[in-house]
1. Mind checking the full-extension length gain between residue 165 and residue 608? Use 0.36 nm per residue of separation minus the Cα-Cα distance, one decimal, nm.
2. Compute the angle between helix 3-25 and the longest alpha-carbon principal axis of the chain, please, reported from 0 to 90 degrees and rounded to the nearest 10.
3. Calculated from DSSP H runs of 4 or more alone, at -39500 (n - 2.57) each and per residue, what is the 222 nm mean residue ellipticity of the chain, nearest 500?
4. If the cut-off is a Cα-Cα distance under 22 Å, which lysines reach residue 335, setting aside same-chain residues fewer than 8 apart in sequence?
5. Please list the equivalent ellipsoid semi-axes of segment 77-228, computed as the square roots of five times the alpha-carbon gyration tensor eigenvalues, in descending order and whole angstrom.
6. What whole-number value in Å² describes the accessible area per residue of the chain for a 1.4 Å probe?
7. Taking the Cα centre of segment 670-803 as origin, sum charge times position over the Cβ atoms of Lys and Arg (+1) and Asp and Glu (-1), and report the length of that vector in debye to the nearest 20.
8. Please compute the Kirkwood hydrodynamic radius over segment 39-83, one decimal place, Å, based on all pairs of different Cα atoms.
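The values are calculated or read from the model by the stated rules, or taken from the named source; none is laboratory data. Just so it is clear, the structure is predicted and the values come from calculations on it, not from any experiment. Neighbour counts are summed over all protein chains in view; Cβ atoms, including those assigned to glycine, are modelled from backbone coordinates with ideal geometry. These accessible areas exclude ligands, DNA and RNA; they are computed on the full protein's heavy atoms, side chains included. Shrake-Rupley method; radii C 1.70, N 1.55, O 1.52, S 1.80 Å.
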Amino acid sequence: MSRKKYFGINFLFMCQFVIFFILANGFVSGQISNIVSSVRVSDAKEQMPITITADLFSTDNISSINIAFRSFGQTEFRKSEMIIMGNSAKVTIPAEAVAPPYLEYYLFISLRDGSTQTYPVGIQEGVAPLQISVSSFSEKDKEILLLSPTIGEILTQPELMISVSFIKAPDNIDAAKTKIFINNEDVTSQAVYTGDILVVSGENLPGELKIGPGLLRIDVFDKEGNLYHTISRNFRLISTELAVGVFWNYNGSLKGESRSEQFNSQSTLYNNITADINAEFGNWSINGNAYVTSEEVSDQQPYNRYSLSLKGGDWLELQAGDAFPRFPNLIMDGKRVRGFNGSLNFGFLNIQTAYGETERSIEGKLIEKFTADDPATLESDVIPINAQRYTLPYGRVELGTFKRKVLAVRPSFGSGEHFQLGFSYLHSKDDVGSIEFGTRPEENLVLGTDLMLAYDSQNIMFTTQAAVSLNNKDISSGTLTDKQIDEIFGSNSNFSVDPSDVKRVRDLIGNFITVNQYLGPWNPQEFASLAAEAAMTLNYFNNNVKASYIYRGNDFQSFGQSFLRTDVKGINLVDRIRMIDNKLFLSIGYEELKDNLQKTKVATTTFQTINASISLFPRADFPNITLGYTRNANNNGLSISDPLKKMYVVDDITNRVMLQFSYDFNALVKHSSSLSFSTSSKDDNGMMNIDAKFSMGSLNVTSYWTSQLTSLFGIVVNNSELFGKTSSYVTLSFGGKYKLLENKLQLSATLSPSFGDFKRQTLEFIADYNVIANLNLMFQARLFRIPGASTNSIIGLVTRLTI
């Protein structure tokens with residue numbers, strides 16, 4: 001028996017033992033979600049984007065889904081909107097945020113009834129975020145070179161040429177043992193060796209490859225038969241007929257879906273169309289996509305999405321439609337803008353701009369009318385209404401949403417390789433006349449600057465940025481006149497500000513933002529509206545050290561950045577130590593932050609976080625292992641024994657531990673497995689004494705029995721303890737995929753029962769049929785049954801055309 005096979009069988013026995021231990025001891029985790037059924041994550045490799053897809057039970061009550069994510073040791077979560085398409089939501093984590101040892105994330109779900117939920121459920125109570133282990137680059141990528149195809153190359157099957165160079169490979173490599181797979185199909189038999197070069201020609205492949213996206217995987221072995229390294233690359237295949245005489249290389253897809261959802265005794269029919277097109281000519285490319293759904297309604301924010309972008313080399317980018325422009329994170333990051341954005345990059349001078357709508361207008365509703373002297377007029381949802389239309393001057397309303405537009409501009413100097421200095425301007429304003437039943441339209445002005453200096457191939461890097469904001473909480477009355485300023489401001493008024501100072505501010509900035517009594521802050525000398533941060537990174541001797549300082553005044557606000565943490569300052573230190581050809585990582589982080597910067601609270605709270613992680617990525621013949629530990633301690637120095645201040649006491653400590661294994665091995669057949677644990681324990685000594693424990697244990701095994709048959713098995717064990725109450729449940733998953741009719745028909749089914757304190761059965765069946773080379777029909781059925789309640793279902797038919 002081979003060493004790897006022996007180890008694989010023992011790994012399975014170890015997993016079974018651990019799962020038995022979990023079941024016997026009530027291993028702990030957060031509650032199950034009634035919105036998200038599962039989350040799928042693409043391969044996580046350093047400096048490569050990650051695609052995260054959340055499968056949803058129903059989209060009927062969902063207003064929006066945002067993902068919060070951060071790398072190891074980062075101060076705060078970045079957030080970005082997920083695109084909801086059909087019964088799933090998808091987002092791509094940018095490459096610069098993906099770094100070893102792991103990425104943390106959770107989903108923040110806004111519902112149409114105004115409530116919110118997280119996935120995993122209970123993030124606010126202390127449930128640990130989900131983690132994605134991130135593997136690093138290997139020196140082996142420099143030893144074995146994949147010469148072609150290039151990343152994302154578009155070509156026909158006769159043009160496909162797989163070329164691998166072993167010129168720099170070490171002596172213990174046996175090139176003849178190399179295995180080559182295209183879309184998981186073994187094509188090694190077609191390989192030809194010419195010296196130290198391995199070549200596979202697309203013309204010699206048996207049969208026709210599937211038109212569309214393709215995945216090439218190359219497994220390299222040593223002379224003992226052990227897997228030494230794996231290389232993978234994406235490319236795109238187009239038909240020969242399409243390529244002949246075509247001036248532009250282009251590809252696209254058109255997908256139509258109809259599905260019926262039966263959820264909580266309510267039946268809804270959904271229809272949507274998704275279209276994508278990509279075209280390239282030389283250094284120029286055009287990309288367009290559209291998603292149109294019957295879920296689009298005028299009284300909600302948009303569900304439809306569309307965009308068209310043009311890119312010319314490295315110097316021009318233009319985009320129209322829905323986009324998520326990325327400026328310095330204090331200015332704009334993760335905010336959807338429907339309009340135009342783009343950039344011109346000349347190296348010595350660059351300019352980036354974005355203009356469009358971040359919120360569309362949604363009219364409110366008049367619920368009830370009142371006379372002027374009715375006491376109800378003092379309530380927040382009672383506003384003055386048009387007397388000519390409704391006779392009476394006040395009405396109780398369901399408040400609407402004003403249309404909000406934003407303009408952001410950032411000129412910068414320097415290419416960003418060694419130096420870049422940027423200046424940012426953002427102005428965002430609610431359209432007062434866009435709705436009738438609304439209150440307190442707002443306006444926001446942000447000015448910022450950022451600087452980057454890098455030396456020694458960016459092994460030494462210094463970055464800093466700062467921004468100030470002005471916010472007007474109610475622009476409905478417009479800019480103040482001299483007479484109004486004299487009446488509103490002064491020592492004998494509620495606004496003890498010198499009227500002459502207000503007039504000077506109005507004359508100075510009145511062309512940029514509405515100036516009235518709702519503009520703030522009026523105390524810039526206290527830095528309440530300032531946000532700033534600076535970081536120094538050193539990358540030497542296999543250590544990547546980063547030291548950061550942040551300051552966020554409690555009045556700083558940017559309408560382009562909705563999720564920024566304010567009223568906090570402090571330091572953050574992180575060191576990532578790489579060892580054994582990036583196979584072993586030791587990561588350590590320390591952070592200490594304080595709030596109450598403008599002395600607006602009873603006491604100042606210190607937030608202290610310690611992070612530690614060790615990760616092993618052997619890449620062959622042994623599991624990938626990541627072990628992480630986090631300790632959060634929050635304390636404001638108040639005592640619970642003080643009857644006047646006990647309600648303000650902050651004194652809690654949370655300890656979290658995460659352990660993950662992943663392993664590909666052979667035991668009779670090839671298996672891919674993962675085993676993970678996470679646990680969180682919060683000790684709260686505040687007045688509410690909210691102690692909590694949340695943890696999770698899971699095992700997933702995918703087995704590749706033949707090229708046509710794949711099976712999967714999973715088990716998740718959960719338990720939570722909150723307010724002295726314990727809840728636990730177990731979810732099992734059984735399923736598989738089977739290809740038949742010469743791989744034209746793929747059938748897949750999954751059964752997932754949950755039992756314990758939460759009971760639910762889920763069944764999913766998918767039949768995907770390739771009618772012709774570029775046309776697929778897919779039938780999907782998902783059933784959800786909760787004992788004692790009605791059975792919910794999603795049944796849909798998808799047509800997909802690829803060109």
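1. On the way: separation 443, 0.36 × 443 = 159.48 nm, distance 5.02 nm.
Taking 0.36 nm per residue and subtracting the Cα distance, the gain is 154.5 nm.
2. 40
3. Numbers: 6 runs with 53 residues, N = 803.
Counting only the DSSP helices, I get -2000 deg cm²/dmol.
4. 79, 90, 311, 403, 405, 429, 473
5. Values: eigenvalues 348, 91, 31 Å².
Result for segment 77-228: semi-axes of 42, 21, 13 Å.
6. Values: 39220 Å² over 803 residues.
Using a 1.4 Å probe on heavy atoms only, each residue of the chain averages 49 Å².
7. Working: 12 positive and 8 negative charges, 87 e Å.
About 420 debye.
8. Roughly 12.5 Å, rounded to one decimal.
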